[in-house]
Amino acid sequence: MTQLAIYMALVDGAEEALADSFRVVAQAQASHPDIYFTCQTLATMSDDHRSRLGPVMARYGEQSESPGSEPERLHAEAMATARTGPVGLLRDLQELHLLANLVLTSWTVKCVNKDSGEEIYYNNKLPVGAGSWANEEQALADIGRKIADEFSRDFFAQHFNASGQKLSLKIDGLPDKSVDDAVARELIGLQSVIALSRRPGGSPIYDIQVSGGNRPLTDLVASAILKPLNAKLGQACFNLGATTGEQVAISLDTTCADQSILSRLDTNPPASLYAAPPARQRAVIKDADAMKRLTI
């Protein structure tokens, strides 16, 4: 992680220098409200970028190179003073532009194939034709949509090699179609479920591809499917049944057919979150009552 730690220090230092420089120019141009408030707003954005970078730096560290080495030779120095006069303002804005571009080229969206080491996506460019926004939240949302458009389903299908075991899951004992639909929603949301399709017909049978190595199918179903489903329902409602070839049967215990239990399928958080790390739970669930239901 050495190189990452070095660039963490570079980005953090560049953002700090940019924020300080914006404030120097803002104070010098306090008689021009448009320049003053724009520079103060941009300085606050850089402060926010540093705060968001904090958890990443805490995880991977921050390290400076020895003097004279890269990237220490390319570093950001904040403006100590602002120039005077119209030409001085123009020079200050040019200097801010150089600092902003150093920051920009230090932030990169990059994807690497972990198996081959191949770099399959790299982008640190300004969005073309983005226009302007009323605030930072709108800007981040708009740019985020542009990035999401590039990371399409076809993009991941082109570079993602799905692995896992295929099985047929037969579910017995569901009282009605509404429960069948609710269970189907939970299945497709489970972390270990790569793909799922329901076979036509009355009794619910799902063709599923599940990650988790080459373990016995019963062990895979028990840990990847039954455990989170039962955690959501609050008790061992689903149990393993007979296994025939690649088909594994599970059944809903009759004692769990009561609406007070099955209603948890609609009212409680998704089953996938019951097995998620606490940090992931807190990141997804903002409602205190919903978070409490994870422990009931």
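Can you give me the Rg/Rh ratio for segment 165-293, using Cα atoms for both radii and the Kirkwood formula for Rh?
Rounded to two decimals, Rg over Rh is 0.95.
Multiplying the sequence separation of Asp176 and Ala275 by 0.36 nm and subtracting their Cα-Cα distance, what value in nm do you get?
My answer for the length gained is 33.0 nm.
Listed here are the pairs Lys170/Lys227; Lys227/Lys292; Lys177/Lys286; Lys170/Lys286; Lys166/Lys227; which of them are more than 25 Å apart at the Cα?
Lys177/Lys286; Lys170/Lys286
Pull out the extension gain between Asp289 and Asp266, defined as 0.36 nm times the separation in residues minus the alpha carbon to alpha carbon distance; nm, one decimal.
6.8 nm
In whole Å, what is the distance between the alpha-carbon centres of segment 165-237 and segment 270-296?
Taking the Cα centre of each part, segment 165-237 and segment 270-296 sit 20 Å apart.
For the peptides 186-194, 200-208, 96-104, what is the packing order when you average, over each peptide's residues, the other Cβ atoms within 10 Å and list the highest mean first?
So the order, starting with the most tightly packed, is 186-194, 96-104, 200-208.
Count charges around Leu89 for me, please; just the other residues with Cβ under 11 Å from its Cβ, Lys/Arg as +1, Asp/Glu as -1.
0
What list of ³J(HN,Hα) values in whole Hz, one per residue of segment 255-266 in order, does the Karplus curve 6.51 cos²θ - 1.76 cosθ + 1.60 (θ = phi - 60°) give from phi, with Gly and Pro shown as x?
So the Karplus estimates, Gly and Pro as x, are 5, 9, 6, 5, 4, 5, 8, 5, 5, 5, 4, 9 Hz.
Compute, for segment 165-293, the length of the dipole vector about the Cα centre, with Cβ point charges of +1 (Lys, Arg) and -1 (Asp, Glu) only. Units Debye, rounded to 20.
The calculated dipole for segment 165-293 is roughly 460 debye.
Kindly work out what percent of the DSSP beta bridges joining two residues of segment 165-293 are antiparallel, to the nearest 5.
Antiparallel bridges make up about 75 percent of those DSSP assigns within segment 165-293.
Report the label-to-label distance for Lys166 and Thr243 in nanometres (one decimal), using points 7 Å from each Cα along the Cα→Cβ vector.
1.9
Report the gain in length on full extension from Arg215 to Gln235: 0.36 nm times residue separation, minus Cα-Cα distance, nm rounded to one decimal.
Gain in length upon complete extension: 4.7 nm.
Taking the Cβ of Ser197 as the centre, find all other residues whose Cβ is under 15 Å away and add up their charges (Lys, Arg: +1; Asp, Glu: -1).
It works out to a net charge of +1.
A short reminder: the numbers here are calculations on the coordinates, not readings from a lab. In this text the structure is predicted, and so the values were computed from the model without any measurement. In this analysis, Cβ positions are derived from the backbone assuming ideal geometry, glycine residues included, and neighbour counts consider all displayed protein chains.
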